[in-house]
Amino acid sequence: MHIPELLAPAGSIEAFRAGFNAGADAFYLGYGDFNARRRAKNFTDDEVRLAVDLAHQHGKKIYITLNTLVFDHEIEHLAGVFEHIREIRADAVIVQDWGVIALLRKFYPEIPIHASTQMFCHNSFHAEFLRDRGITRIILPRELKIDEIRSIMERVPLEYEIFIHGAMCFSFSGCCLFSSYRHGESANRGRCRQMCRFPFDDGKGTAYPFSMKDLDSLGHMRELLDLGVAAFKIEGRLKNASYVGETVSAYRALIDAFRDGASLSPDIPRLTKQRRSEAGYLLTGPDYGKLVDKTNPGTSGEVSGEVLSIHEQKIRIMFYSKPLKGLKLRIQDSAGKNLYTGTLLDFSREKSSRDGNVFVWNIRDHIRTSGFKPPFLVYVTGKSTPGNVYREMKKMVDEQMTFEPLALEIDCNADRIEITAHFETFTGDFTERYAITTSQAQSHPLTGAQVERIFSQTDRYPFRIASINCHVDDENLFCPVHSLKSARRSFYRDIYDFYNNIKNRERDRRISALMEYVHSIGHEHISEQKQMTFRYANSPLIGGSAATADFTVHRAESGQIPDVSPSQNVMLLLPLFTPEKKLHDWENWIGKLITHGYTRFMAPTYGWLVLMERYPVAEWIAGPFLYLVNSCAVDYFKQSKIRYFTLSPDLNPDDMGAVAQSGNRLIALNSPREVFATRLSVPDNVYRLHGTSCRPVKYADYTVIEECRKS
């Protein structure tokens, strides 16, 4: 019987402790600047080390999220993050960027890599491509159905992880560019502005056409457990500790019941609802009417009261039940806009009120209500965790288990003690001699056991004695205890300096080699790199004319010969999303297109590139959703014989030059601004938001939401 790992989110050390106490098997958490939830509290160096130590001592695992795009100027900082992850022995890293994958495989092959859901692995071509490049686990996107997951697992055996609970993105994982286009804050850089939760005017009034219901699988655990995936994942690194603890506890109970052979109770645990929920794509499939809640802005939390008045730094609230100190509250207006968020600490009952549930909340900030529409509702989003969690967790950790293991060989004679230390984690021994005071023993001769007892105490230094072998040359030798302890203090001070010097030297060597590699990419053949342009067929050009474009891109349709003759400047764009059941037909159809003379294909995602070996005559171009935003990623695909790459919309202009030196780049002259890409069939409307208008463009298996072109 296979029991999946229950994987909990940890956006803070408080959330980690809550999930730990509730029975999670593993945790995914953000450390540093390269994770997709940069708005979460995340972890410091010391906190992430403590979390790994505590998890490992209880048989649990820690996965570090490095699931954002990385620019060239950030790589040296990223190398330092790699070093810390290596040192604390995290169990894996979760990655989106191909450049990050290339660097890890080349310089840190001992660190397992999990493919982030941002990598949008939606069929077995994608899974095969990832597996063949050393990925040990794939986190599947939330847009897949159970039968599709099962088919991928059968065709490409590997570890797979699926989401079972939490918020849903409207767009395909990793294919949302709305926040980037509108605010310059990329979802692929951990700064999503959640444009899908904004109110849009669809011509019939304000609605929330892109606001997804939450995923809730509690009522469908039998079907999911039968899948045999490696891990069940709970979304929520932006959620508080109480949410994490409550959710983990509920799923833990159901998984344990299955493990123990008990029936899964029909009395499904009731969780605090933050939004309306559904079984997601897993069982529902791509049903817009069931998965989207057009009337709801996606408000977090349960309604707990209504604001009666706001005056300076005092908020009068009519609570529906007695409030408790430490509640985290959010106040929103009738349109779902956030007015204020805070923790209920300084508050009191209003004595003059006839209703006993009117309270005055004293806050530090001045709230401006202009631009907000009453009524203002109060939502409970969680509760604070009192106390110093870090200090409490530190008491739980047996630090000796994580200290550097040493094997000591000690030899004592009349005037000195010689100690040799063997390290477990790196090659190289440390040997040193220390003077000791000795004389002929009158009653208590020096024994090996006495020396071993003294040297097994490592003082404050981070060493753990795995073994000691001591030899005393003279059986009638006496040595005062203070002399042995003095030698011990000198030894551990010296070996600690030696240990740090070796670690730092090895660390600097690895980082230096990594940076030397990065700087060398493309510089030998800069003069050979080309910049080419392309235009999308049937779309108006933005600047220039049709004659100025080097290539014309036509969308490929399964079973249809393009309405343009094959030529050197014709490029066929393959679908962004292809469900598993159509994959074989597409593979055959691409073969037929090649026989008709079409040999240049743009792959919007990496999965299509498995066909490079099957159709070597074809020329493959990397599309924008491969997100080749650093020179390492470009070089990685150059080695796979990708001739051209398309500049990504998420590419920082300051880094464009460094990337351009690494390979032949393509620039679109009339690229449509695709803000969302979804599996849902979105109603045909023009959706307006504060000067932005967008509309759905439908393809065979997915919909793209494009910004309307201004006339």
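Remarks
- Seen against the Cα atoms of the chain and their longest principal axis, helix 45-57 is set at about 80 degrees.
- Of Thr341, Asn362, Pro323, farthest towards positive along the dipole that unit charges on Lys, Arg, Asp, Glu beta carbons give region 311-374: Pro323
- Efficiency of FRET between His471 and Ala513 - r from beta-carbon atoms, R0 51 angstrom, step 0.05: 0.75
- Net charge contributed by nearby residues that have their C-beta within less than 11 Å of Ala441 (K/R +1, D/E -1): -2
- Electrostatic dipole magnitude of the chain [Cβ: Lys, Arg +1; Asp, Glu -1; Cα centre; debye, to 20]: 2900
- DSSP beta bridges confined to the chain are antiparallel in about 50 percent of cases.
- Fraction of alpha-carbon pairs over 22 Å apart in region 21-137 - percent: 32
- Solvent exposure of the chain amounts to 44 Å² per residue of accessible area, where only protein heavy atoms count and the probe is 1.4 Å.
- Top positive-direction residue, dipole computed over region 413-485 with Cβ charges, set Phe426, Gln457, His471: Gln457
- Radius of gyration and maximum dimension Dmax of region 195-245, Cα, Å: 16.5, 46
- Hydrodynamic radius of region 556-711 per Kirkwood, over alpha carbon pairs, in Å: 17.1
- Take the Cβ atoms of His84 and Ser334, set R0 to 41 Å, and the FRET efficiency comes out at 0.30.
- Per-q log10 I(q)/I(0), region 550-645, q = 0.11 Å⁻¹ (Debye; single scatterer per alpha-carbon; no solvent): -0.30
- The Rg/Rh ratio for the chain, using Cα coordinates for both the radius of gyration and the Kirkwood hydrodynamic radius, is 1.05.
- With 0.36 nm allotted per residue and the present C-alpha distance subtracted, the Ser681-Thr533 stretch has 50.1 nm of extension available.
- The packing ranking, built from the mean of other Cβ atoms within 10 Å per residue, places the peptides 409-421, 440-452 in the order 409-421, 440-452, highest first.
- Directionally averaged shadow of region 170-269, computed from the convex hull of its alpha-carbon atoms, nm²: 9.3
- Modelled label reach - Arg433, point 7 Å along Cα→Cβ, region 455-498 residues with backbone N closer than 15 Å: 473
- Candidate lysines for bridging to Lys294, where Cα separation is under 20 Å - those fewer than 8 sequence places away on the same chain excluded: Lys204, Lys213, Lys273, Lys337, Lys373, Lys698
- Which listed pairs, of Lys60/Lys394; Lys145/Lys581; Lys290/Lys581; Lys60/Lys328, have C-alpha distances above 19 Å, in listed order: Lys290/Lys581; Lys60/Lys328
- Inter-label distance, His73 to Lys582: 4.2 nm, where each label sits 7 Å from its Cα along the C-beta direction.
- Leu283-Asp411 pseudo-label distance in nm [points 7 Å out on the Cα-to-Cβ vector]: 7.2
- Thr595-Tyr699 FRET efficiency (beta carbon distance; Förster radius 25 Å; 0.05 resolution): 0.55
- Region 139-228, relative contact order [Cα under 8 Å, separation at least 6], %: 28
- On Cα atoms only, tilt of 583-595 relative to the major axis of the chain in degrees: 70
- Of Lys325/Lys351; Lys503/Lys638; Lys233/Lys582, those spanning more than 30 Å from alpha-carbon to alpha-carbon: Lys503/Lys638
- The separation of region 433-481 from region 323-350, counted between C-alpha centres, amounts to 64 Å.
- Rounded to 10°, Cα long-axis angle of helix 75-88 versus longest principal axis of the chain: 50
- Two-site label geometry, Ser370 and Asp563: point separation in nm, points 7 Å out along Cα→Cβ: 5.4
- The chain: relative contact order as a whole-number percent, Cα under 8 Å and 6+ apart: 14
- To put it simply, the accessible area of region 142-268 at a 1.4 Å probe is 46 percent carbon and sulfur.
- Annotation: extensible slack from Asn362 through Phe498 equals 43.4 nm (criterion: 0.36 nm per residue apart, minus Cα-Cα distance).
- Once the chain from Glu613 to Ser640 is taken as fully extended at 0.36 nm per residue, the excess over their C-alpha distance is 8.7 nm.
The values are calculated or read from the model by the stated rules, or taken from the named source; none is laboratory data. On a predicted model such as this, the values are computed, not experimentally measured, just so you know. FYI the Cβ positions are ideal-geometry reconstructions off the backbone, even for glycines, and counts take in every protein chain you see. Remember, those area values only see protein heavy atoms, side chains included, never the ligands or the DNA or RNA. Shrake-Rupley method; radii C 1.70, N 1.55, O 1.52, S 1.80 Å.
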